[in-house]
1. Which residues, taken from the range 237-255, are closer than 17 Å to Ala13 by Cα and among the hydrophobic types (A, V, I, L, M, F, W, C)?
2. Which condition breaks for Cys401 when tested against (1) buried (at least 19 other Cβ atoms within 10 Å of the Cβ); (2) under 16 Å from Lys297 (Cβ atoms)?
3. Output the residue which, of all residues in the range 246-285 that are hydroxyl-bearing (Ser, Thr, Tyr) and under 19 Å from the mean Cα position of the chain (by Cα), is surrounded by the most Cβ atoms within 10 Å (Cβ to Cβ).
4. Hey, does the range 1-15 have a residue that's buried (at least 22 other Cβ atoms within 10 Å of the Cβ), in contact with a strand residue (DSSP E or B) (Cβ under 7 Å, 6 or more places away or on another chain) and part of a strand (DSSP E or B)?
5. Taking Thr70, is it more than 23 Å from the chain's Cα centre (by Cα) and crowded, with 20+ Cβ neighbours inside 10 Å?
6. Give the residue, chosen from Asp271, Asp280, Asp254, Asp288, that is over 30 Å from Ala402 (Cα atoms) and free of Cβ contacts under 8 Å to residues at least 12 places away in the same chain.
7. Test Arg315 against the stated conditions and say whether it is closer than 21 Å to Gly415 by Cα, basic (Lys, Arg) and touching an Asp or Glu at 6+ places or on another chain (Cβ under 9 Å).
Amino acid sequence: MTSSHTAVRLSRASSPGDGVMPRVRIVHVGLGAFHRAHQAWYTARAPDAAEWGIAAFTGRSPEAAETLATQDGLFTLIERGPQGDRFEIVRSIAEAHPGSDLETFTELLSRPEVAILTMTLTEAGYRLDVDGLPDLGDPGMASDVDLLRKGLADSAVLLSRVAPTTALGRVILGLEARRRADGGGIAVIPCDNLPENGALVRGALLWFADTVSPLLATWMRDHVAFVSTSVDRITPRATEADRVEVQQLSGFIDEAPVVTEPFSDWVLCGDFPSGRPQWDVAGARFVDDIRPWEARKLWMLNGAHSTLAAAGAVRGHLFVSDAMTDPVCRDLVERLWDDDQRQLPDLDVGNYRAALVERFANPRLEHRLDQIAQDSATKVRVRIVPVARAERLAGRSAEGCAGAIAAWILSVRRGYAPGPDGLVGPDGLVGPDGLRVDESSAGCVAFLDANLGADATFCASVDAATLHLTVQADAGRPAS
């Protein structure tokens, strides 16, 4: 162990390892903490990791790429368990680039040896409408569709002259570059919390391609496979204290450490026309039907997270662990899980539920509620609304879902639900169309889902739960 006063910048030359850069065969869009704690970590642990280097591109800010580039793509992963921390240097990222570097992005995707394109964009980052297609009401998406329609119409037009700004627009450009270079088959793997994410992204990208270049669309149907995934690893933002700890304990100056929990899970379903790393040896699971695994994680972990983010905020908490030990918040989560469990097949749900309680209550994993609350309406729509609709179709009350939605409504009313899908400002809740949203319980339910908004019985249940939680919101609230 190197002492902190002799600390050196983390790099391939300064850190343990052979110093060899892995061969790039994976391109990733959305370089953030979760990607590094999950897909990059699994890739680094695969026996054939040296043949599967990752070229990672940021989704928005170039900062992460700039920082990682100075460290040769290396970063320290901190597994923060209840009893202590474990440190590991992850070496699978060979290149880090800002998302705006389209010249490098298209050149990499043109290479036949690049076999996989992965994405972590967050639910809102795909910019899809309620039908799962590119949202033409989004100015950036509408602009990219027009730009790419004009730019790809003539094969003589240099792709370097076309500069889309949305993630899906850039993916379309990259796939067009691969088509022109005859780069062969590729697997596209979205790793975000979207239902049947592979099929969803396939539909969105094929619609995009059909709209801007039928030639590209035909090629994609023959050469691009879409893999559905369920991803699971709680990854809060790293802090300055984490960076200091890494330096003190490892002797390396690391400006991009990642903090995560010991638990991890990755389930994949689909084809890989040009091969893949041995992720299964590293602990990933390959299945024929992703849907039950995806639903278990999306509804139970992510749905509970959204509920805790809303209820915890109005109860005065900052972290998931604090909210989970609050009886009011815990009761909301347990009731939601009751609804979830009725809608899930037997996937060892009872043990998964017990493990979630332990994971959420880990006091050393400081997962901020305001981080989870970003883009809250989009998240509630995919994490809680489907269960509510299924429970109501089954003739049940969906009481747990009503309580979770009530917590979200109260968080909206009190200004704890920021994000482009539901901005809380001086005029209250404003929808993506810029119009004021009716903040009655029924109005907020309708904002989430028109069918549930038309269900008077369910809306009455949400209203009652909202009133009850309003009374509880300040009762027993931690002192500020």
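The values are calculated or read from the model by the stated rules, or taken from the named source; none is laboratory data. This one's a predicted model, so the numbers in the text were calculated from it and none came from an experiment. Counting neighbours? That spans all protein chains shown, and the Cβs are built from the backbone with ideal geometry, glycine included.
1. Within the range 237-255, Phe252, Ile253 qualify.
2. Condition (2) is where Cys401 drops out.
3. Among those residues, the one meeting the criterion is Thr260.
4. There is no residue in the range 1-15 that is buried (at least 22 other Cβ atoms within 10 Å of the Cβ), in contact with a strand residue (DSSP E or B) (Cβ under 7 Å, 6 or more places away or on another chain) and part of a strand (DSSP E or B).
5. no
6. Asp280
7. Yes: the conditions hold for Arg315.
Conditions tested, residue by residue: (1) modelled with pLDDT of 95 or more; (2) outside the structural domain of Val201 (by TED's automatic domain parsing); (3) part of a loop (DSSP other than H, G, I, E, B); (4) closer than 20 Å to Val259 by Cα.
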residue	(1), (2), (3), (4)
Arg60	no, no, yes, no
Gln71	yes, no, yes, yes
Asp85	no, no, no, yes
Leu117	yes, no, no, no
